[in-house]
Structures are given as C-alpha cells and as structure tokens.
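Please read the structure below before turning to the comments.
The values are calculated or read from the model by the stated rules, or taken from the named source; none is laboratory data. No experiment lies behind these values; they were computed from the predicted model shown. Here the Cβ positions follow ideal geometry from the backbone for every residue, glycine too, while neighbour counts run over all protein chains shown. For the accessible areas, the whole protein counts, side chains as well, though only heavy atoms, and no ligand, DNA or RNA atoms are used. Shrake-Rupley method; radii C 1.70, N 1.55, O 1.52, S 1.80 Å.
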Amino acid sequence: MVMGEFTQETDLLVIGGGPGGYAAAFRAADLGMDVTMVEMDPRPGGVCLFRGCIPSKTLLYVTELMHDARRSSEMGLTFAEPKIDIDRLRAWKDTVIDKLANGLVELTRKRGVLFIQGKAVLEDSSHARVQNTGSSHIRFKHAIIATGSSTRAPDGVQFKPGGRIMDSTGALELADIPKRLLVVGGGFVGLETGSVYASLGSKTVLVEYNGRIMSGIDQDLTRPLLTRLEALFESIHLNTNVTSLVEDESGVNVTFSGEIEEKNQRFDRVLIAVGRVPNSEGIGLENTKVKLNERGFIIVDQQRRTTDEKIFAVGDVAGGAMLAHKSMHEGKVAAEVISGMPSAFDFQAIPAVVYTDPQIAVCGLSEEAARKRGRNVKVTRFPWSASGRAVSMGVGGMTKMIIDPDSQRVLGLGIVGRDAGEMISEGVMAIEMGALAEDLALSIHPHPTLSEAEEEAAEAFLGSSTHILPQKK
Ligand code: FAD
C-alpha cells in the first residue's frame, strides 16, 4: 500500500465482468453482499457479449435468413438474391451488443454493484490494486477470479489489430468480406465464423489438424454438418496443418503439411481458431496461495474455491467446458458458497451447441464416450425425415438418445438440425432429474414440432415410436 492512499473495503471483489463475473456479482448482491466488480472493458459482458457468443450468433442468424431466402424458391417463394450491406450488417451487430451491454450496466447499477473499469492485480489474499484508474486499492473479504480466456496463438503468430491474420475477435469485427479466407481449426469457433464468411461470399478453405471436425461430438451428428460445409466452403482439409504464415500488404502466403494437395496458397485473410488459453497470468496469483494446473487453469474444488481459502475462481479461467452458461452457473455457486449457502457445481449435463447450419447440440454422455469407457448403452435415433415439422420446413436432421438399458435412464442427447440448440434443454432436464426414457415418451409433445423427435427417440427405446418401425429383437 502507498502511504496516505485510500483503501476501499468490499465484501466481495469480482475480477472480470464476463458471464462468470457478472453472474457472481449479481447473485452476491442479491444475497446482500457489498460487491465490487473490476473489468478492463468499459461495460460488463466479457468475451461472450463483445467478442464471442453474441456477435457470432447475430451474424449466423443473418446468414440463416439468407439461406432460407435462397432455398424458399423450391417452396414456390422466390426472393431476389440478397444484397449484403456490410456496414449495416456491422452496425446491426453492434446495436445488438450495445442493447445487451446497456442492460447489464443497468442491472449492475440497480443492484448496487460498484463497477470499476481497470485491470485488477492481486497483491495478497485480501488486497488488490486496480491499474489504469485513478483509484484504487481494494481490501476484500473474498474474491472471485473470473478473468476468462484468450485465443491461443500458434508459435510465431501475433494478432495485430486490423491485421490479415485474425483471431475470432478480429474476424467478428467484420472489416470486409475477404475474397478468399483460410480458417485454421475445425472446432466450433472455426466452423461458426467460417460459415458466416462463406455465406457472405468469401471462398473459404478450412484446415483441421485432426481427422475430424468437432472432435468430442459423435460423428453421426457432425457428418451432416461436414457434408453441408463441404458444399458451402471452397474446400475442407482434415489431417492438415499450417507450417507457415507470411502476411504482406495485400494478403497472406500460407504453407501446409498433411493431406492437402497444394502446399503453398495465398489468402486475403486467415482466421486462427485453434483453442483458447486461460487468463491466469499477470493478475498477481503468485502473491496468493492460488495454484494452477499444468495447463495454466486455476485449480478449484466443487464449490469453486481455489487453494487460497478466500479466493474463488469461475468460468473459462477455472477450466472445464469453456462456455458462457457454465461460467454463469459457476459464478452463482461461488457467490452462494461465500454467502454461506451449501451450493456446489455438481452437474450431470452441460449442454454445448454449434450454431452452424445445421446446428448441433449435445448434452450428457455421448455414444463414443460410452463405448470408450466400455459402458453398455442403448442408442436410439429418430431421423427427421419422419418428422412432419422438419419435412414441412424442408430441413433435415436427426435426434439421438443414449439410454442405460438396465435402469432405462436417459444419459445423453444429441441433435443435429434446425434449432437443435433450442431443444437440447429437454435432454438436460431429463438427465439432471434422472428421467427414464418412459418419462419423455409419456410426456405429450405438441404436433407438429421438431421437439417431438425427442419423444419419438425415447419411444424408440420402448418400441412404441409411431413414425419409425420397432427395431427387430
Ligand atoms: P470472459 O467472458 O472471457 O470474461 C472475462 C473478462 O475479464 C473480460 O471481459 C476481461 O476483460 C476481464 N479481465 C481479464 N483480466 C482482468 C483483470 N486482471 N482485471 C479486470 N478485468 C479482467 N460460449 C457459449 O456458451 N455459447 C456460445 O455461443 C459461444 N460462442 C463463442 C464464440 C466465440 C467466437 C468465442 C471466442 C467464444 C464463445 N463462447 C461461447 C465462449 C464464451 O464466450 C466463454 O466461455 C465465456 O465468455 C467465458 O466467460 P468468463 O466470464 O469466464 O470470461
């Protein structure tokens, strides 16, 4: 502490104002704590709101509209070819972000959470200093670290603002529509952002180091997406790696190794989407008892307490699924534990959604994971070709359910198709409540809806599906 300096006191210091941080701050304030939230951005929202979930989904929705307008001609409704006004599109995206960010500012203010813009660095287990601001030395009773994650940059690659080699943040700024775009990485960020640019007109090439896209999701769910992207993109190359990237004023020269014929190619822009790393450096953890694992994530227990008893960590920086909804739940758990409630982060099914066209949504146990663990499961599939709603909308898809054959409990759900993300929560609910296939089968779903596929997948297990034949015994 500097002599004569004012030290502000707070019950709870939340470092980082992303979904994990603001959910924690809001819950703690609702529980009666005096809360200070320090965030480097001018407003709360984090990566999700400003550089992730929201801008990407806003753009993906626009491309879905374009796709629908194009395919509607087969239904007898012909629109003119969509004209893309990139400035208005960018402005629309920014308006969406703005509305939501202002909402969060209001919620922060109305809950009496003190918001300080700046970078917080821990000095010890009960003090932090906020850099880039006139104030602030803070003494806290507890702290929650919610500093999130940043794009992993491959060796030798630097993301310069406005540069042609972009991370997802640069790509979502939508500076222009490059004629030819290389996407490195076949995970959800690469596939979603690549889909946006390909739909807007960029000739898009995707390379993926592994032999499959979206590793971790069953291949019968990813295959329809791969087929669709093979048509939308210029090309997709699996088992392929980038060996060098050289940027000049008008483009980027790229060399490849692996299963790609042309080993030297030129692109207007490159998007690197090969994963994210935790923001656990430069925040003063060395001055506390907080420990990191070998990958730099903060080690936490089920209550999201770190190895320093006064300090908790939530969200991307604490590892596990790097998803906004998981961060928010963790934030609430940490706030409740600090306020003395017996909460724990103890979930069976964290849903994950890929917002491409078709969408993929999964929760709980996957078929591949079950097989790897040698667990005996029964898998049922309901093809959307048998769904009245899907056929009337002209969309394809499939819903699969992973069921324990003995207890008949639903263990996992996977959906590929339109609005999969809107439907996965039924699976989450079923798994969390220990529902049996029969519970879903006997819950009357409205007809005709895409959600009926979940009822029919459960019925398929019981041999009582109406629209698919019973499996031969
Ligand atoms: P973050 O959102 O990363 O927020 C951390 C905040 O901490 C940042 O605002 C940062 O400025 C601040 N900060 C860092 N260090 C300090 C410090 N020392 N002092 C003060 N402030 C600090 N997830 C989904 O669930 N659904 C999606 O559709 C989805 N789409 C995505 C699309 C993209 C392109 C990307 C990149 C991510 C996407 N994610 C999505 C992931 C999601 O954004 C993250 O899981 C989520 O934002 C993590 O929340 P968090 O609170 O842990 O951290």
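Going by what's in this entry, would Asp406 be described as more than 22 Å from the chain's Cα centre (by Cα), outside the structural domain of Asp220 (by TED's automatic domain parsing) and among the acidic types (Asp, Glu)? It is true that Asp406 is more than 22 Å from the chain's Cα centre (by Cα), outside the structural domain of Asp220 (by TED's automatic domain parsing) and among the acidic types (Asp, Glu).
Of all residues in the range 308-364, those that are in a loop (DSSP other than H, G, I, E, B), open to solvent by 30 Å² or more (accessible area, probe 1.4 Å) and hydrophobic (A, V, I, L, M, F, W, C) total 7. For the range 1-24, taking the residues that are assigned to a loop (DSSP other than H, G, I, E, B) and within 14 Å of the ligand (Cβ to nearest atom), the one that is surrounded by the most Cβ atoms within 10 Å (Cβ to Cβ) is identified as Gly16. Filtering the range 311-355 to residues that are within 19 Å of Leu13 (Cα to Cα), of a type outside the set (A, V, I, L, M) and more than 13 Å from the ligand (Cβ to nearest atom) leaves Glu336, Ser339, Gly340. Scanning the range 440-470 for residues that are touching a residue at least 24 places away in the same chain (Cβ under 8 Å), part of a loop (DSSP other than H, G, I, E, B) and either among the small types (Gly, Ala, Ser) or surrounded by fewer than 16 Cβ atoms within 10 Å (Cβ to Cβ) (or both) turns up His447, Pro448, Ser451, Ser465, His467. Residues in the range 19-61 that are among the hydrophobic types (A, V, I, L, M, F, W, C) and touching a Pro at 6+ places or on another chain (Cβ under 9 Å) were compared, and the one that is nearest to Asn102 (Cα to Cα) is Leu49.
In summary, strands (runs of 3 or more DSSP E) completely within the range 238-279 and bearing 2 or more residues that are over 25 Å from Gly162 (Cβ atoms) and in contact with a strand residue (DSSP E or B) (Cβ under 6 Å, 6 or more places away or on another chain) occur at 240-247, 252-258. Pull up the range 367-390, narrow it to residues that are in a loop (DSSP other than H, G, I, E, B) and open to solvent by less than 30 Å² (accessible area, probe 1.4 Å), then point me to the one that is nearest to Tyr197 (Cα to Cα). Within the range 367-390, the match that is nearest to Tyr197 (Cα to Cα) is Ser387. Answer yes or no as to whether Leu77 is away from the ligand (no atom under 16 Å from the Cβ), in contact with a helix residue (DSSP H, G or I) (Cβ under 9 Å, 6 or more places away or on another chain) and open to solvent by 60 Å² or more (accessible area, probe 1.4 Å). Yes; evaluated as a whole, the condition is true for this residue. Selection within the range 267-287: residues that are open to solvent by less than 20 Å² (accessible area, probe 1.4 Å) and among the β-branched types (Val, Ile, Thr). The member of this set that is nearest to Tyr209 (Cα to Cα) is Ile272. Suppose we keep only residues that are within 9 Å of the ligand (Cβ to nearest atom) and among the small types (Gly, Ala, Ser) within the range 30-52. Which one would you say is nearest to Gln131 (Cα to Cα)? This residue is Gly46. The numbered conditions (1) touching a residue at least 12 places away in the same chain (Cβ under 8 Å); (2) over 22 Å from Ser215 (Cα atoms); (3) assigned by TED's automatic domain parsing to the domain that holds Phe26; (4) more than 16 Å from the chain's Cα centre (by Cα) are all true for Phe297 except (2).
Counting only strands (runs of 3 or more DSSP E) that sit completely within the range 85-194, those holding 2 or more residues that are in the same structural domain as Ser327 (by TED's automatic domain parsing), open to solvent by less than 60 Å² (accessible area, probe 1.4 Å) and away from the ligand (no atom under 13 Å from the Cβ) correspond to 137-145.
Residue check: Arg27 meets all listed conditions (1) more than 30 Å from Gly282 (Cβ to Cβ); (2) among the charged types (D, E, K, R); (3) within 16 Å of the ligand (Cβ to nearest atom) but one, namely (1).
Only one entry in Arg228, Arg269 is in contact with a Pro (Cβ under 9 Å, 6 or more places away or on another chain), in contact (Cβ under 8 Å) with a residue 40 or more places away in the chain and closer than 22 Å to Thr169 by Cα, namely Arg269. Residue-level analysis places Gly52 outside the set of residues that are farther than 30 Å from Asp11 by Cβ and either modelled with pLDDT of 95 or more or touching a Phe, Trp or Tyr at 6+ places or on another chain (Cβ under 8 Å) (or both).
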